[in-house]
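In what follows, a single structure is set out as structure tokens and then discussed.
The values are calculated or read from the model by the stated rules, or taken from the named source; none is laboratory data. No experiment lies behind these values; they were computed from the predicted model shown. Cβ coordinates were reconstructed from backbone atoms using ideal geometry, including for glycine residues, and neighbour counts include every protein chain displayed. Note: areas computed on protein heavy atoms with side chains; ligands, DNA, RNA excluded. Shrake-Rupley method; radii C 1.70, N 1.55, O 1.52, S 1.80 Å.
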Amino acid sequence: MGWFTTRTYAWLKNWQIRTFVKTYNVDMSQAQHEKAEDYVNFTHFFTRHLLPDARPLAQGDDSILSPADSCIAQKGKIDGYRLIQAKKHSFSVDELLGGDLADAKLFENGEFSTLYLAPADYHRVHMPIKGTLKKMIHVPGKLFSVNLQTAERVPNLFARNERVVCLFETEVGPMAMVLVGAMFVASICTTWAGVVTPGANAKRQEFSYNEGSPIVLDRGEEMGYFNFGSTVILLFGQDNINWLSDCAIGDHVNMGQHLASVQKR
């Protein structure tokens with residue numbers, strides 16, 4: 001699928017884009033380029049940039065932003081080290097983060113949110129809050145679909161799929177952004193490392209950013225993107241944030257929308 005969506009034949013990529021826009025009712029008026037002819041290939045369209053004012057950032061120093069256009073699949077408290085995946089299914093923080101118990105300890109009894117990006121959504125991922133990158137881990141795995149129906153059926157789905165774990169230090173303590181791969185996802189990219197998922201037969205890789213010039217990303221700044229629909233899982237430490245009650249499980253949120261607030265001390 002990655003090969004198919006990167007073909008540059010005009011007749012093919014224009015047909016792919018127009019069919020996709022019609023099938024999923026994509027609002028191209030928000031994109032920097034509206035016409036199929038403006039894109040090099042389908043992947044270029046799928047990872048399209050939006051107009052500068054298409055996603056205004058929520059105001060308020062204590063507001064934490066939604067990192068992506070997405071459906072809130074789950075959110076709530078982490079029970080020790082367990083997160084809810086779907087009804088009758090849960091998985092562990094240490095499995096999700098690639099097996100490092102020290103990393104998992106940062107989020108014991110913390111907060112999590114699982115955000116599902118549907119095919120029609122804008123597929124660039126942005127920072128919920130200003131953060132300094134401390135570590136990135138590529139964890140190879142399966143490429144199950146991550147839609148809501150699959151999450152209800154496949155145990156340990158998010159801890160089994162290929163993923164890129166990004167650990168940040170923020171003003172509210174540790175934050176993890178886990179970009180989960182899925183069926184048809186040709187690659188997962190970050191703004192500082194480019195394509196992170198190298199393909200078949202890859203091994204777990206860990207990158208530390210504690211030396212040299214720090215990588216600091218501002219609130220609302222782009223941090224990565226998917227080359228097809230997928231999921232972002234956010235983790236915060238205990239007693240650091242409160243999820244907004246107006247954003248309920250099943251709701252659709254846009255990138256930049258107020259998702260949570262810093263917990264008052």
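Taking the helices alone, the chain has a mean residue ellipticity at 222 nm of -3000 deg cm²/dmol, built from -39,500 (n - 2.57) per DSSP H run of at least 4 residues and averaged over all its residues.
Report the charge-dipole magnitude of region 1-133 in Debye, nearest 20, computed about the Cα centre from +1 at each Lys and Arg Cβ and -1 at each Asp and Glu Cβ.
Result for region 1-133 is approximately 540 debye, rounded to the nearest 20.
Using R0 = 35 Å, the C-beta based FRET efficiency linking Asp100 and Gln30 works out to 0.35.
Of all lysines in the structure, the ones whose alpha carbon falls short of 19 Å from that of Lys134, not counting any fewer than 8 places away in one chain, are Lys105. The residues packed around Glu206, meaning those with a beta-carbon under 9 Å from its beta-carbon, carry a net charge of +1 if Lys and Arg are +1 and Asp and Glu are -1. Accessible area per residue (1.4 Å probe, heavy atoms of protein chains only) ranks His138, His258 as His258, His138, with the largest value leading. The relative contact order of region 1-90 comes to 22 percent, based on Cα pairs under 8 Å that sit 6 or more residues apart.
Qualifying trypsin sites (Lys or Arg not before Pro) in region 1-92, where qualification requires a DSSP coil assignment and no more than 16 other C-beta atoms within 10 Å, comprise Arg7, Lys35, Lys87, Lys88. For Lys142, the residues whose modelled amide H falls within less than 5 Å of its own, excluding neighbours fewer than 5 places apart on the same chain, are Asn161, Glu162. Note on the chain: dipole from Cβ charges, positive end direction compared against Gly237, Leu97, Ile129; the farthest Cα belongs to Leu97.
Shown in residue order for region 67-72 are the 3J(HN,Hα) couplings computed by the Karplus curve 6.51 cos²θ - 1.76 cosθ + 1.60 at θ = phi - 60°: x, 7, 5, 5, 9, 6 Hz (x for Gly and Pro).
Using the Cβ-Cβ distance between Ser208 and Arg18 with R0 = 51 Å, the FRET efficiency computed as 1/(1 + (r/R0)^6) comes to roughly 0.70. Distance between the pseudo-spin-label points of Lys142 and Asn109 (7 Å out from Cα toward the beta carbon): 3.3 nm. Using only the alpha-carbon atoms, how far is helix 10-24 inclined from the longest principal axis of the chain? Give it as 0 to 90 degrees, nearest 10. Once rounded, one gets 50 degrees.
Each of Ala120 and His49 was given a label point 7 Å from its Cα along the Cα-to-Cβ line. The distance between the two points is 2.5 nm.
Computed extension gain for Ser245 through Phe4, at 0.36 nm per residue and net of the alpha carbon distance, reaches 82.6 nm.
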